[in-house]
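The values are calculated or read from the model by the stated rules, or taken from the named source; none is laboratory data. As the structure is a computational prediction, the values presented were derived from the model and not from experiment. Please note: Cβ atoms are built from the backbone with ideal geometry, for glycine as well, and neighbour counts cover all protein chains shown. We work out accessible area using only protein heavy atoms, side chains counted, and drop any ligands, DNA or RNA first. Shrake-Rupley method; radii C 1.70, N 1.55, O 1.52, S 1.80 Å.
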Amino acid sequence: MGLLCLTVPTGAACATEDEHIPAKPGVPNIYLDLRTTYATIPAGTLGLGFGNTSLSAAFEALAAQRGATLPNGLPAAKSIAVDLPLTVDVNDRVSLYGGVSGSSADIGGGWSSFDITSWNIGVQADLYQQNGGKIPTITLQSTLTQSVPNEQGMTNSFNHVLEFDYALDEDETRGWLAGVQYTHTDIASQLARIKPNTIVYAGGYYQWPSDWKFIGRLGVQSFGGAQLAGRTLAAPFTQPILRLDLDRMDDSDNRLFGITAQIAWMPKPSYQVTVRTPLYAVRN
């Protein structure tokens with residue numbers, strides 16, 4: 001309910017004070033935030049990393065449902081995932097999103113058919129905005145992801161990201177980042193368990209006058225492991241993780257195109273590339 005209060009335009013109460021002030025656009029940004037991801041996943045682990053809700057859901061379900069038929073644990077895998085969240089930027093502080101994700105995986109016997117593997121809903125909100133002050137912008141993002149179909153072994157993942165953004169100039173074209181991501185997963189099985197995954201990171205960003213924006217994040221990922229019927233499917237680890245983003249923005253800081261590269265050691269390296277191509281129905 002508190003987040004919904006943020007959606008009320010701050011100028012609404014002052015509209016009668018000065019009717020000569022131009023009205024802001026009343027329609028929020030509405031777009032399909034299409035994301036296509038290719039990832040390699042080492043043997044004995046899950047699809048972990050920054051915001052990997054669709055990959056995690058697919059491989060967590062695989063671990064719970066097929067663990068008994070994989071005596072050597074989870075094999076090395078390749079995966080292609082497509083996320084289709086419908087996103088509404090309610091204002092410059094709050095975004096709501098929800099949609100489905102599909103994926104196809106190759107665990108050594110060829111690529112599986114491409115199927116819908118999860119759905120998700122979430123919210124991203126600026127709890128505080130710097131606006132030229134000394135306190136950094138504080139952003140909270142929370143996402144619920146559920147694997148499909150809804151049957152024995154299905155998973156519910158709760159992903160929370162708290163990030164601090166300290167801008168070094170008034171236009172917020174360069175600055176420093178720091179944050180933490182926490183992921184908790186529940187499995188619909190009394191025999192299986194996946195422990196939480198936590199990432200602590202720091203980084204920075206720079207946006208050129210041409211509206212290309214680079215963001216780098218370097219952190220440490222700590223995973224508690226996964227078990228099935230007392231047998232270890234994925235061993236716990238604490239290893240570094242690196243994420244690099246390059247985005248093309250417009251003059252209003254709407255993303256037009258983006259590409260993300262990630263390397264996560266689990267403890268062997270896992271490589272991931274994501275292409276973002278937002279499809280706008282309304283863009284202010």
*Which GluC sites (Glu not before Pro) does segment 116-215 hold that lie in a coil by DSSP with at most 12 other beta carbons within 10 Å?*
Glu151, Glu170
*How much of the accessible area of segment 158-275, probe 1.4 Å, is carbon plus sulfur, in whole percent?*
60 percent
_Length gained when the stretch Phe214-Thr232 is fully extended (0.36 nm per residue, less Cα-Cα span)_ = 2.6 nm
*Which pairs break 27 Å Cα to Cα here: Lys134/Lys213; Lys213/Lys268; Lys134/Lys195?*
Lys213/Lys268; Lys134/Lys195
_For segment 71-162, which trypsin sites (Lys or Arg not before Pro) pass both filters: DSSP loop (anything but H, G, I, E, B) and at most 14 other C-beta atoms within 10 Å?_
Lys134
*Under-5 Å amide H pairs with Asn284, H placed in peptide plane, nonlocal only*: Asn29
*Determine the principal axes of the Cα atoms in segment 155-284, then give the extent along each, sorted from largest to smallest and rounded to whole angstroms.*
56, 32, 24
